[in-house]
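The values are calculated or read from the model by the stated rules, or taken from the named source; none is laboratory data. Here the structure is a predicted model, which means the values were calculated and not measured. We place every Cβ from the backbone using ideal geometry, glycine too, and count neighbours over all the protein chains shown. For accessibility, only protein heavy atoms count, side chains too; no ligands or nucleic acids. Shrake-Rupley method; radii C 1.70, N 1.55, O 1.52, S 1.80 Å.
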Amino acid sequence: MTEPRDHIGQVADSLLQIEMELRQLGLWEAERPSPEALQSTQPFCIDTLEFTQWLQFVFVARMKVIVEKGHALPEVSGMAPMAEEYFRPRPESGKGLIQALEEIDQLLSGS
């Protein structure tokens, strides 16, 4: 089943918003983590990557491919709570990024 074009457009917009928020926070990285770090089998690669690295190099990268190729979107997403946990002990609030993740969570989970 293919996704309606406007839904795909909303997801693409959300991906751009996530990238913009990571850049504004100074958390967008120019250098890719090692292939070994990206091979983690843990959720969010929690054992090998920072959450924001996982967002950039795993989630956003995979979602861009899915959108560009017109593949079916994931049906479940729950990244905003993970982002809230990640930013809780940090000096920056991450509020904009958390809001962008809430939006994409809603788009993908259909709620």
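Within region 40-50, which residues are part of a loop (DSSP other than H, G, I, E, B) and either modelled with pLDDT under 95 or of a type outside the set (A, V, I, L, M, F, W, C) (or both)? Outline the logic, then answer.
Our first condition is that a residue be part of a loop (DSSP other than H, G, I, E, B); within region 40-50, this holds for 40-42, 46-50.
If the condition is that a residue be part of a loop (DSSP other than H, G, I, E, B) and either modelled with pLDDT under 95 or of a type outside the set (A, V, I, L, M, F, W, C) (or both), then 40, 41, 42, 46, 47, 48, 50 are the ones that fit.
Would you please name the residue that is least open to solvent (accessible area, probe 1.4 Å), looking only at residues in region 67-95 that are in contact (Cβ under 8 Å) with a residue 60 or more places away in the chain and farther than 18 Å from residue 54 by Cβ?
Filtering region 67-95 for residues in contact (Cβ under 8 Å) with a residue 60 or more places away in the chain gives 70, 72-73, 92, 94.
Filter again for farther than 18 Å from residue 54 by Cβ, leaving 70, 72-73.
Details: 70: 44, 72: 66, 73: 14 Å².
Selected residue: 73.
Kindly evaluate residue 17 against the criterion of being open to solvent by 90 Å² or more (accessible area, probe 1.4 Å) and either under 16 Å from the mean Cα position of the chain (by Cα) or not hydroxyl-bearing (Ser, Thr, Tyr) (or both).
Working: open to solvent by 90 Å² or more (accessible area, probe 1.4 Å): no; either under 16 Å from the mean Cα position of the chain (by Cα) or not hydroxyl-bearing (Ser, Thr, Tyr) (or both): yes.
So residue 17 does not fit the description; no.
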